[in-house]
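The structure appears right after this line, and notes come after that.
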Amino acid sequence: MVAFHFFYAFTPGPFADKARTGFTIFDTPLAVLWNGHFAVSIFFVLSGFVLAASAPKSAHEAPLMISLRYLRLGVPALVSSILAWAWLNGFPDAAREAQAISTSTWFRWTYQPPIPPLSQAIWEGGVGVFLNGTTGFNNPLWTMRAELLGSVLIYGSYGVLKGDLRRWAMVVGIVGFAATGLFYLAAFCGGALVFEFRGHLRDRPRAGLLIGFAGLVIGATYPYHASGPGLLDAIQSRLGGEGWRQAGAVLALVSVLTTPVLRRFFDSAPLQRLGALSFPIYLVHVPLIVAPAAWFFVAFAPLGAAGVGGLFVLVCLATLALASVFLVTVERPLLAGLKAVRARARTAAPRAAP
């Protein structure tokens, strides 16, 4: 995701091309390294899986869990919005001047001077983004509404359904949401369905790798390849598009669950650490790109390939550092507090029963 936003901001050519022709590296599974569309689909599928694993045990418990889920999303979103406001005010003209050089349309999702007041950053981060699905302070927060709706979907349905009915509900959800164009909700259902069938998944090293490769081909391939008269162009024009990338994300999850070597890789200490930082990274990287990185891009323009590469390394290091601070000061205390509230509520529930 960091690579996607950084290079879309400063080297937008391949990302802005909505009618790509020929065959390039963007038409291969290697695009997983910078395909932000696929990364978001992975997040949604994983969220569906995790939400199903932590689902309420009854309809009585569902409202509390949905409320806690809002806090789990809303508090970090609020803090990141305030942080973005501070960065934008520290470098108020950076995004506009960087856009003038790179001509990237991606900057249109970020507020330009005059920067709105702090009160608006607080409103958009804590409430507005969940209502409107957009904010100009920290544009990745558009996913917060999708996450909350997915949480209501999974927690609500799991609160009232039991056993096999949950599986059938997720199947109906995948078909119904895909048919109506709500592919992000279909991704949540797909992740939950994988959780429901996890007991039937067995280690299949070769088949698992093939499933993962298939998932990357149909989902991680960068979208927007032009449709042409030939069969290959027709196929390429669909890969990585809506529906395909969500299906690819589901296959990627199944691949990890059925392939021991992949599980060991993702269970390694560095990957576990990066996983713990993933949400903070998601929340803090764009403010760094549109403010100090944009200022650097303008101040030392024109930057050659080596300069842009060096700036990318600096942004990655700064993102990891800021995400680590965010993890310690916001993420972990919040999760500990929500866990305590949930445990207390479950302990008190039997005493409250008649």
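Every read-out reported here was derived from the displayed coordinates using simple, explicitly stated rules and does not represent laboratory data. These numbers were taken from a predicted model, which means no experiment stands behind them. Glycine gets a Cβ as well: all are built from the backbone with ideal geometry, and neighbour counts include every protein chain shown.
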| remark: Over the chain, the sum of -39500 (n - 2.57) across DSSP H runs of at least four, divided by residue number and rounded to 500 deg cm²/dmol, gives at 222 nm -21000 deg cm²/dmol
| task | Give me the distance in nm between label points sitting 7 Å out from Cα along the Cα-to-Cβ direction at residue 108 and residue 30, one decimal. | result | 3.1 nm
| request: Would you list the P(r) distribution for the range 75-123, with all Cα-Cα distances sorted into 10 Å bins from 0 and each bin expressed as a whole %? | output: 26, 49, 23, 2
| message | Using each residue's phi in the range 32-49, evaluate 6.51 cos²θ - 1.76 cosθ + 1.60 at θ = phi - 60° and report the 3J(HN,Hα) Karplus result to the nearest Hz, with x for Gly and Pro. | response | 4, 6, 9, 7, x, 4, 5, 4, 5, 5, 4, 4, 5, 5, 4, 4, x, 4
| query | Arranged by the count of other C-beta atoms within 10 angstrom, fewest first, what order do 1, 170, 65 take? | reply | 1, 65, 170
| task | Give me the number: length gained by fully extending residue 271 to residue 160, i.e. 0.36 nm times residue separation minus the C-alpha to C-alpha distance, one decimal in nm. | result | 36.4 nm
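Give me the dipole magnitude in Debye, nearest 20, for the chain about the Cα centre, with unit charges on the beta carbon: positive for Lys and Arg, negative for Asp and Glu.
Magnitude of the dipole: close to 1240 debye.
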| Cβ-based exposure ranking for 27, 267, 17, in which fewest neighbours within 10 Å come first | 267, 17, 27
| message | Report the per residue volume, in Å³, of the convex hull enclosing the C-alpha atoms of the range 221-305. | response | 194 Å³
| message | With θ taken as phi - 60° and the coefficients 6.51, -1.76 and 1.60, list the Karplus ³J(HN,Hα) couplings across the range 246-252 in order, rounded to whole Hz; mark glycine and proline as x. | response | 5, 5, x, 5, 5, 4, 4
| request: List the pair-distance distribution P(r) of the range 258-354, using every Cα-Cα distance, as the percent of pairs falling in each 10 Å bin from 0 up to the bin containing the longest distance, rounded to whole percents. | output: 13, 27, 25, 20, 10, 4, 2, 0
| message | Give the separation of the Cα centroids, the range 147-203 to the range 115-134, in Å. | response | 30 Å
| message | Give me the percent relative contact order of the chain, please, defined on Cα pairs under 8 angstrom at least 6 residues apart. | response | 25 percent
| said: Run the numbers for residue 301 and residue 119: contour at 0.36 nm per residue of separation, minus the present Cα-Cα distance, in nm. | reply: 62.1 nm
| request: With the Cα gyration tensor of the range 52-157 in hand, convert its eigenvalues to equivalent ellipsoid semi-axes via √(5λ) and list them largest first in whole Å. | output: 34, 14, 9
| message | How large is the translational diffusion coefficient of the chain in µm² per second when you combine the Kirkwood radius over alpha carbon pairs with Stokes-Einstein at 37 °C and 0.692 mPa s? | response | 152 µm²/s
| said: On a straight-distance basis, which lysines could pair with residue 339 in a cross-link, Cα separation under 19 angstrom, same-chain partners fewer than 8 positions away excluded? | reply: 57
